[in-house]
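The values are calculated or read from the model by the stated rules, or taken from the named source; none is laboratory data. As the structure is a prediction and not an experimental result, all values here were calculated from the model. Cβ atoms come from the backbone with ideal geometry, glycine included; neighbour counts cover every protein chain shown. Accessible surface areas use protein heavy atoms only, side chains included; no ligands, DNA or RNA. Shrake-Rupley method; radii C 1.70, N 1.55, O 1.52, S 1.80 Å.
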Amino acid sequence: MADRAALEDLVRVQGERVRGLKQQKASAEQIEEEVAKLLKLKAQLGPDEGKPKFVLKTPKGTRDYSPRQMAVREKVFDVIISCFKRHGAEVIDTPVFELKETLTGKYGEDSKLIYDLKDQGGELLSLRYDLTVPFARYLAMNKLTNIKRYHIAKVYRRDNPAMTRGRYREFYQCDFDIAGQFDPMIPDAECLKIMCEILSSLQIGDFLVKVNDRRILDGMFAVCGVPDSKFRTICSSVDKLDKVSWEEVKNEMVGEKGLAPEVADRIGDYVQQHGGVSLVEQLLQDPKLSQNKQALEGLGDLKLLFEYLTLFGIADKISFDLSLARGLDYYTGVIYEAVLLQPPTRAGEEPLGVGSVAAGGRYDGLVGMFDPKGRKVPCVGLSIGVERIFSIVEQRLEALEEKVRTTETQVLVASAQKKLLEERLKLVSELWDAGIKAELLYKKNPKLLNQLQYCEETGIPLVAIIGEQELKDGVIKLRSVASREEVDVRREDLVDEIKRRTSQPLCIC
């Protein structure tokens, strides 16, 4: 064992020698000679049987975020959170895992994507799949009947990730929900308004919000002759129409799910229609659909919804689309999904197929599934697909080669001469105590040029320079990094001057 340890030391030393020669740009013959010695030593060492091979990587469907990526991500979150707060929402949080039975039977065919945790001899647990079911559990557990809340947190899905399109196994959801008994369609209209406000503020391109109603879908299936037992499974087929052709969807319905071809054709006549309030009025006159109570209720509510959307000034962004199905089992009324109309087309950008960027709907029965007495709390909400939005913003910044600040430092405390570390420490402490975001270099006697270069690299806008003459005069030299202009500022006025100069927020997306 001792011999092996000695050999490992020799390999390490020889490896450092090879690296050193490469850095010094030594001759190829010399490097080759030393590499040969290294390989000979490694051959003597033999296979590393004692240690298992370990690959340093993140798990499939996950990723790390660099400071630059996190700076952009925080900006996106700020836009979303400020909108949620503008509409009067409170914030809550729930555990990252729930009892398995809490999540079971809530997601239809997507239930297979839930991560179950290994039984540790206690409760059977699963990682949360979304934030809606935990919210419904929270309402029932706390006997709440009225709340407007937002929740931003990570969720987990055992999906096949497509990370270039913003699809992951671990990802953030940004949810806004209104729970309570209110007059029809007022909260629903506000949710759509919020969705439009956020997508417009993020400037990710033109978008369209597709709207439908689960009651219209169920009524449509009934009048077309779909058996009750096949409603949900046919619904999940219809939901694929934004990705594949009607012929493929029909083949799935008939071939895989056993639906009669003539029933599928009748569904096809409906689900390929889309439009605005005129389509709602047309379907209200439809001889078959108008005879179905559920469909009639849904169409009546959609007509009212379009009135409110017109008042909110967003009706032009909304399309009534009969193919929108939203596969989740818990939706009971209005459903909606925002899609980008076309990929961003700024110079140098590649087309980006990111699909849906926000979605939501009404789920009036979910809380009742958790309440011991089955008491229902009507709810409507939306979820912003922040990972997909982040992919778009990130690619745009790379294409434009825009510099992104990863810190918020307002000023660097610098010195022009040696032996001024104590003065720098005193000044930076004064600035921190006054709420100024300040830094200094961790060297006793840094060169002024290095300090200014650090500001250029990190985007720090100001430098507070201390020199012997400034100390005698009771002033600090304040330098603008961008313009290189310098002014003497009295020490007692420095905080106000820094605040005045850095009061404009910096945009990074």
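When the range 106-145 is filtered for residues that are of a type in the set (A, V, I, L, M), in a loop (DSSP other than H, G, I, E, B) and free of Cβ contacts under 8 Å to residues at least 60 places away in the same chain, the ones remaining, listed by number, are 114, 117, 124. If you go through the range 272-310, how many residues are in contact (Cβ under 8 Å) with a residue 24 or more places away in the chain, surrounded by fewer than 21 Cβ atoms within 10 Å (Cβ to Cβ) and of a type in the set (A, V, I, L, M)? Of the residues in the range 272-310, 4 are in contact (Cβ under 8 Å) with a residue 24 or more places away in the chain, surrounded by fewer than 21 Cβ atoms within 10 Å (Cβ to Cβ) and of a type in the set (A, V, I, L, M). Could you run through the range 197-207 and say how many residues are at pLDDT 95 or above and either part of a loop (DSSP other than H, G, I, E, B) or surrounded by 22 or more Cβ atoms within 10 Å (Cβ to Cβ) (or both)? Adding up the residues that qualify gives 2. Answer yes or no as to whether residue 106 is among the charged types (D, E, K, R) and surrounded by fewer than 20 Cβ atoms within 10 Å (Cβ to Cβ). No.
Within the range 141-149, identify whether any single residue is open to solvent by 50 Å² or more (accessible area, probe 1.4 Å), closer than 17 Å to residue 385 by Cα and of a type in the set (Ser, Thr, Tyr), and answer yes or no. Full working, then the answer.
From the range 141-149, those open to solvent by 50 Å² or more (accessible area, probe 1.4 Å) are 141-146, 148; that's our starting set.
With the extra rule that they be closer than 17 Å to residue 385 by Cα, the set shrinks to none.
Checked the range 141-149: no residue is open to solvent by 50 Å² or more (accessible area, probe 1.4 Å), closer than 17 Å to residue 385 by Cα and of a type in the set (Ser, Thr, Tyr).
Listed conditions (1) modelled with pLDDT under 90; (2) outside any helix (DSSP H, G or I); (3) charged (D, E, K, R); (4) open to solvent by 80 Å² or more (accessible area, probe 1.4 Å) are all met by residue 64, apart from (1). Taking the criterion of being of a type in the set (Phe, Trp, Tyr), in contact with a strand residue (DSSP E or B) (Cβ under 8 Å, 6 or more places away or on another chain) and either assigned to a loop (DSSP other than H, G, I, E, B) or at pLDDT 95 or above (or both), would at least one residue in the range 357-365 satisfy it? Checked against the condition, which is being of a type in the set (Phe, Trp, Tyr), in contact with a strand residue (DSSP E or B) (Cβ under 8 Å, 6 or more places away or on another chain) and either assigned to a loop (DSSP other than H, G, I, E, B) or at pLDDT 95 or above (or both), the range 357-365 yields at least one hit.
Go through the residues of the range 164-175 one by one and say whether even a single one is farther than 23 Å from residue 84 by Cβ and out of contact with any Asp or Glu (no Cβ under 7 Å at 6 or more places or on another chain).
Pass one, the range 164-175, residues farther than 23 Å from residue 84 by Cβ: 164-165, 167, 169.
Of the ones still in play, those that are also out of contact with any Asp or Glu (no Cβ under 7 Å at 6 or more places or on another chain) are 164-165.
Yes, the range 164-175 contains a residue that is farther than 23 Å from residue 84 by Cβ and out of contact with any Asp or Glu (no Cβ under 7 Å at 6 or more places or on another chain).
Within the range 208-237, the residues that satisfy the criterion of being open to solvent by 10 Å² or more (accessible area, probe 1.4 Å) and either of a type in the set (Lys, Arg) or within 25 Å of the chain's Cα centre (by Cα) (or both) are 208, 210, 215, 230, 232, 236. Of the candidates 373, 444, the single residue that is in a loop (DSSP other than H, G, I, E, B) and in contact (Cβ under 8 Å) with a residue 12 or more places away in the chain is 444. Of the residues 386, 380, 413, the single one that is more than 30 Å from residue 330 (Cβ to Cβ) and in contact (Cβ under 8 Å) with a residue 24 or more places away in the chain is 413.
For residue 155, the conditions (1) open to solvent by 10 Å² or more (accessible area, probe 1.4 Å); (2) without any contact (Cβ under 8 Å) to a residue 40 or more places away in the chain are fulfilled apart from (1).
Mind listing whichever residues of the range 174-184 are open to solvent by less than 30 Å² (accessible area, probe 1.4 Å) and either without any contact (Cβ under 8 Å) to a residue 24 or more places away in the chain or within 15 Å of residue 363 (Cβ to Cβ) (or both)? Full working, then the answer.
If we filter the range 174-184 for residues that are open to solvent by less than 30 Å² (accessible area, probe 1.4 Å), which is where we start, we get 174-180.
Matches in the range 174-184: 175, 176, 177, 178, 179, 180.
Whether any residue in the range 427-435 is within 33 Å of the chain's Cα centre (by Cα), assigned to a loop (DSSP other than H, G, I, E, B) and exposed (fewer than 12 other Cβ atoms within 10 Å of the Cβ) is what I want to check.
Yes, the range 427-435 contains a residue that is within 33 Å of the chain's Cα centre (by Cα), assigned to a loop (DSSP other than H, G, I, E, B) and exposed (fewer than 12 other Cβ atoms within 10 Å of the Cβ).
Can you give me the ranges of the strands (runs of 3 or more DSSP E) entirely in the range 452-508 with at least 2 residues that are out of contact with any Lys or Arg (no Cβ under 9 Å at 6 or more places or on another chain) and more than 30 Å from residue 76 (Cβ to Cβ)? Write out each step before concluding.
Working: elements: 462-466, 475-480, 486-490.
Filter on the range 452-508 gives 475-480.
Restricting attention to the range 255-271, report how many residues are open to solvent by 50 Å² or more (accessible area, probe 1.4 Å) and either within 34 Å of the chain's Cα centre (by Cα) or not charged (D, E, K, R) (or both).
Of the residues in the range 255-271, the ones open to solvent by 50 Å² or more (accessible area, probe 1.4 Å) are 255-256, 258, 261-262, 265-266, 269.
Add one more test, that the residue is either within 34 Å of the chain's Cα centre (by Cα) or not charged (D, E, K, R) (or both), and what stays is 255, 258, 261.
Number of matching residues: 3.
Summed over the range 446-460, the residues that are loosely packed, with under 11 Cβ neighbours inside 10 Å and over 34 Å from the mean Cα position of the chain (by Cα) give a count of 1.
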